[in-house]
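Working notes for the structure below.
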Amino acid sequence: MREHDHAYIEIVYVMAGEGYHYVGDLVERTYKGCLYVLPIGTSHVFRPSGVSNKNKLVVYNLCIRPEFLDDLTVWLLRYDGSGNQTFSIFMGKPGSHVALVDKTMELVSLFEHMYREFSEHQSSFATSIIGSLMQLSVRISRLWHREALEEVVEPVHLSSILSSILDYVQLHFTERLSVEKLSAMFGISNRHFIRLFQSATGTGFSEFLQHKRIEYACRLLVETNNKISYIAESVGYRDTGHFNDLFRKVVGTSPSVYRKTSKLPK
């Protein structure tokens, strides 16, 4: 598959196998029990870890139209006192995502049930799927907030971790970084890392990394005569086409045009 985004919210559950999940510039190892909530406009792709069928990557995709969220909100608020908390899992901004691990595989039965109902199309199958979606929303919310409670860290220690993370990223932003790698390095979970980074910088890790790299690329375009492909690789992008698209998205123009208009006359 190619990297893509959607005009709907996507909940993805890894049923079996191993591989990698690419979200923007983030690369996360994925495996059985991993669950992702991807907002509208979040670009991502799954790739298997190998060609063998031994660890074949099998995922369920649950797609929710944005206009349906209004109805879902009403139901959650009406029948669940913590409806706001439950519904918050669907409120991510484009480019962000929620990543959880269902260690006990408690969500398998719900995904299997919804898939079976959708495949067989028996009478009232849509009602049955909606009922399962309600249960799934509550369970994901509980799992999400359960992980948050497990990650309570003393303020002083939290400040130290945060400072170390930012220092490391500042020095190594041109290298291949991932939430998984940095989380393991600093001894915190992926979810805690994402939340911690967001609170410190006001932006997601992927977006922060992109802007650091593009900012450095702008300097190289003005201060050197290196080829754009060389600069792309120097700031962490092996695919020049992807670098060009990202540069245009962030800066508003192509690297070549930026170089021409920004170079000072000798």
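The values are calculated or read from the model by the stated rules, or taken from the named source; none is laboratory data. Nothing here was measured: the structure is a model prediction, and the numbers come from that model. When we count neighbours, we look across all protein chains shown, and the Cβ atoms used for this are built from the backbone with ideal geometry, even at glycine. When the accessible area is computed, the model is the full protein with side chains, heavy atoms only, and any ligands, DNA or RNA have been set aside. Shrake-Rupley method; radii C 1.70, N 1.55, O 1.52, S 1.80 Å.
Here are some notes:
- Candidates Ile194, Ile214, Ile188: the one that is in a helix (DSSP H, G or I), free of Cβ contacts under 8 Å to residues at least 40 places away in the same chain and β-branched (Val, Ile, Thr) is Ile214.
- Top-ranked residue of region 97-127 - restricted to ones that are surrounded by fewer than 10 Cβ atoms within 10 Å (Cβ to Cβ) and under 24 Å from the mean Cα position of the chain (by Cα), ranked as farthest from Arg29 (Cα to Cα): Thr104
- All of Ser254, Ser229, Ser178 fail the test of being open to solvent by less than 80 Å² (accessible area, probe 1.4 Å), modelled with pLDDT of 85 or more and touching a strand residue (DSSP E or B) at 6+ places or on another chain (Cβ under 6 Å), apart from Ser178.
One line per residue, one yes/no per condition, for (1) open to solvent by 70 Å² or more (accessible area, probe 1.4 Å); (2) part of a strand (DSSP E or B); (3) of a type in the set (D, E, K, R):
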site: Glu28; (1), (2), (3): no, yes, yes
site: Thr42; (1), (2), (3): no, no, no
site: Arg47; (1), (2), (3): yes, yes, yes
site: Val59; (1), (2), (3): no, yes, no
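- Of all residues in region 1-20, those that are farther than 19 Å from Leu133 by Cα have Cβ atoms under 9 Å from Cβ atoms of residues that are among the acidic types (Asp, Glu) and in a strand (DSSP E or B), 6 or more apart or on another chain, in Tyr20/Glu28.
- Residues located in region 199-222, provided they are among the charged types (D, E, K, R), modelled with pLDDT of 90 or more and open to solvent by 50 Å² or more (accessible area, probe 1.4 Å): Glu215, Arg219
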